[in-house]
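Visitor: Before we start, here is the structure in question, set down as structure tokens.
The values are calculated or read from the model by the stated rules, or taken from the named source; none is laboratory data. Keep in mind the model is a prediction, meaning the values are calculated, not measured. Cβ atoms come from the backbone with ideal geometry, glycine included; neighbour counts cover every protein chain shown.
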Amino acid sequence: MQEIENENLSRPKTQQRIRQEAQLEVLRKKHGSLEDIRRELGFSQKQMGELLLVDASAWSRWIKPGEDAPAHIYQALDWYLEARDIRSVFKSELTQFDFIEKSSGASVPAAALAPQSQIDSSALNEAVSGVAEKMALWEIEKNQLAEKLKKSEALQAGWKLFLILNSFILFYLIVNRYFSF
């Protein structure tokens, strides 16, 4: 087992792995540890396992020092937290929409039939501006991660070129030494 771990440490990381680790780091900075997220939600470890469709023992293993959850677990929790935040903002707005059955049988929000001046849109405007701000911040983070990725790719390409050139030089020296006329 130790040999496999040492082998994995010495192997270079793929671009996909580097990207996943960067995304994981962003999500950790955004929400904290798995236990921080669990406490924020007010769930037990068993409930977190049920939410994520994993066994509770997996959750227990992920919170141990030196262990970590897969990136898709952090992503799922991020989506859950975002949906919860958005739902809480719009919950007060949704109570204004009492549905009325039309003669055709289709449900229509009562607010759609009411004059526009009766609809309070301040909370909706705040929510939209908050989402726009978050999207702008995420765009900045995405651009920063893309820059890091480009630098990493450029560095790898430089090393590859260096190795290829050295191989040609060695080949030339060997051919010149053994097959010189």
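Visitor: In this structure, is Glu35 modelled with pLDDT under 85, surrounded by fewer than 16 Cβ atoms within 10 Å (Cβ to Cβ) and either of a type outside the set (Val, Ile, Thr) or touching an Asp or Glu at 6+ places or on another chain (Cβ under 9 Å) (or both)?
Guide: When the stated conditions are applied, Glu35 does not pass them.
Visitor: A further question on this structure: Looking at the stretch 12-67, which of the residues that are among the polar types (S, T, N, Q) and assigned to a helix (DSSP H, G or I) is farthest from Ala154 (Cα to Cα)?
Guide: Looking at the filtered set, the residue picked out is Gln47.
Visitor: Determine if the stretch 105-113 includes at least one residue that is modelled with pLDDT under 75, within 30 Å of Lys29 (Cα to Cα) and either part of a helix (DSSP H, G or I) or in contact with a Ser or Thr (Cβ under 7 Å, 6 or more places away or on another chain) (or both).
Guide: No, because not a single residue in the stretch 105-113 is modelled with pLDDT under 75, within 30 Å of Lys29 (Cα to Cα) and either part of a helix (DSSP H, G or I) or in contact with a Ser or Thr (Cβ under 7 Å, 6 or more places away or on another chain) (or both).
Visitor: Please identify the pairs in which a residue from the stretch 135-151 that is assigned to a helix (DSSP H, G or I) has its Cβ atom under 8 Å from the Cβ atom of a residue that is of a type in the set (D, E, K, R) and surrounded by 10 or more Cβ atoms within 10 Å (Cβ to Cβ), counting only partners at least 6 apart or on another chain.
Guide: From the stretch 135-151, the pairs are Leu145/Arg19; Leu149/Arg19.
Visitor: Please work out if Arg19 is at pLDDT 80 or above and closer than 19 Å to Asn143 by Cβ.
Guide: Judged against the criteria, Arg19 is a match.
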